[in-house]
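Undergrad: The structure follows.
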Amino acid sequence: MSALASSSGRGARGPAAVGFRTAGGVCSAQRLPPGGSLDTLSGVTGNEDIRERIDTTRPHTARIWNYWLGGKDNYPVDREAGDQIRAIHPGIGDYALADRLFLGRAVHHLVGRAGVRQFLDIGTGLPSADNTHEVAQRTAPDARVVYVDNDPLVLTHARAMLTSTFEGRTDYLDADLRDVDAILERAAGTLDFSEPVALMMLGVVIFVEDHQESYDVVRRFMAALPSGSHLVLSHTITSPSMPEVDAAVAFWNEHGTPRLTQRTPAQVERYFDGLELLEPGVVSCSRWRPESASGSGSPSGSGSPSGSGSGSGPEDVRERGAAEPDEVAMFGGVARKP
């Protein structure tokens with residue numbers, strides 16, 4: 001499910017505000033020590049105030065997602081909720097894997113085949129293996145990526161871990177995804193909006209409850225991007241054939257934060273109106289070009305420019321015996337702006 005199935009607890013909360021940004025080249029971020037997790041972040045300058053914003057009394061989507069991927073950046077309340085959700089829908093943990101591998105394949109295609117060198121990733125989530133900049137810069141070291149999220153735990157990790165190649169750049173904005181104009185203005189310090197940009201919106205619009213508002217947010221971003229730009233979007237669906245998904249979302253909305261809004265496959269396709277959908281269209285994330293195995297990335301810390309990553313990534317999950325499922329209730333697609 002986008003937050004249950006988003007590589008982020010990609011919430012849409014709070015006012016837009018500039019967060020941590022890099023100076024260019026290799027980020028001026030402090031790195032976690034090997035095996036570092038939540039408890040090691042207290043020594044990172046500027047994180048103490050942010051840590052006070054982290055609510056550890058209620059489960060949060062970003063931390064549950066991290067738990068399902070085998071990471072360390074979660075609390076007992078998140079693990080308990082994650083286990084309860086898996087009891088309702090045993091396959092829910094596969095969504096984390098499918099969504100992460102979809103991201104890798106999409107970015108690999110955009111860099112290798114479409115020549116895209118700029119990415120605006122809305123709803124970054126907790127860093128893990130094969131983040132957008134790692135996949136992109138593996139093929140194109142000069143790729144530039146701006147991450148946007150407003151979750152305090154995500155911001156803490158961005159300060160500690162998001163790095164870049166010397167040729168490229170990785171920046172981070174602390175902002176609400178609805179603040180489109182503010183995000184575009186601040187991202188312009190890193191991205192050249194006269195050149196194609198890939199807008200990454202994986203598992204994030206599920207946090208916008210009003211359908212029309214969610215469509216408007218995506219369209220406003222795409223309207224600001226030039227021809228040749230792309231939209232990569234994934235979303236948890238609702239379907240009569242998957243009642244266990246609806247039950248899991250209902251459980252989450254009763255006990256967790258932020259709330260999730262499912263949409264039908266047809267409603268998800270509407271996000272791509274006016275764009276040229278790449279084959280195979282809007283499908284289960286696990287069915288989007290699964291033959292593109294090279295886009296799925298490498299094990300955590302292997303082959304990445306920074307070697308960063310918090311906890312385990314999708315390849316680590318695979319090594320523990322998990323195979324990418326044939327179909328999940330997380331649908332995604334990639335489209336080009338003509």
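The values are calculated or read from the model by the stated rules, or taken from the named source; none is laboratory data. What you see is a predicted model; the values in this text were computed from it and never measured. Glycine gets a Cβ as well: all are built from the backbone with ideal geometry, and neighbour counts include every protein chain shown.
Undergrad: What number of residues within the stretch 151-208 satisfy the criterion of being in contact with a helix residue (DSSP H, G or I) (Cβ under 8 Å, 6 or more places away or on another chain), modelled with pLDDT of 95 or more and small (Gly, Ala, Ser)?
TA: Result for the stretch 151-208: 1.
Undergrad: Further question: For the stretch 254-274: of the residues being part of a helix (DSSP H, G or I) and more than 30 Å from Gly228 (Cα to Cα), which is modelled with the highest pLDDT?
TA: Glu254
Undergrad: Among the residues of the stretch 114-123, is there at least one that is part of a helix (DSSP H, G or I) and touching a residue at least 60 places away in the same chain (Cβ under 8 Å)?
TA: Checked the stretch 114-123: no residue is part of a helix (DSSP H, G or I) and touching a residue at least 60 places away in the same chain (Cβ under 8 Å).
Undergrad: Any idea how many residues of the stretch 150-171 are under 18 Å from Val107 (Cα atoms) and in contact with a strand residue (DSSP E or B) (Cβ under 8 Å, 6 or more places away or on another chain)?
TA: Residues meeting the conditions: 7.
Undergrad: In the stretch 131-149, what residues are surrounded by 24 or more Cβ atoms within 10 Å (Cβ to Cβ), more than 11 Å from the chain's Cα centre (by Cα) and in a loop (DSSP other than H, G, I, E, B)?
TA: Ala143
Undergrad: Take the residues in the stretch 175-214 that are in a loop (DSSP other than H, G, I, E, B), more than 16 Å from the chain's Cα centre (by Cα) and β-branched (Val, Ile, Thr), then tell me which one is surrounded by the most Cβ atoms within 10 Å (Cβ to Cβ).
TA: Only one residue tops the list, namely Val197.
Let's see how each residue does on (1) in contact with a Pro (Cβ under 7 Å, 6 or more places away or on another chain); (2) over 19 Å from His60 (Cβ atoms):
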position: Arg86; (1), (2): no, no
position: His89; (1), (2): no, no
position: Phe102; (1), (2): no, yes
position: His108; (1), (2): no, yes
position: Gly168; (1), (2): yes, yes
position: Asp171; (1), (2): no, yes
position: Ile183; (1), (2): no, yes
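Undergrad: State all residues of the stretch 275-290 that are farther than 18 Å from Asp326 by Cβ, of a type outside the set (Asp, Glu) and not in a loop (DSSP other than H, G, I, E, B); if no residue qualifies, say none.
TA: Leu277
Undergrad: Let me ask something additional. Among the residues of the stretch 59-105, what is the count of those that are assigned to a helix (DSSP H, G or I) and either surrounded by fewer than 19 Cβ atoms within 10 Å (Cβ to Cβ) or of a type in the set (Ser, Thr, Tyr) (or both)?
TA: 14
Undergrad: Here's a follow-up. So, Phe251, is that one part of a helix (DSSP H, G or I) and within 30 Å of Arg79 (Cβ to Cβ) or not?
TA: Yes.
Undergrad: Say we look at the stretch 106-124 and pick out the residues that are of a type in the set (Val, Ile, Thr) and surrounded by 24 or more Cβ atoms within 10 Å (Cβ to Cβ); which of these is modelled with the lowest pLDDT?
TA: Ranking the candidates gives Thr124 first.
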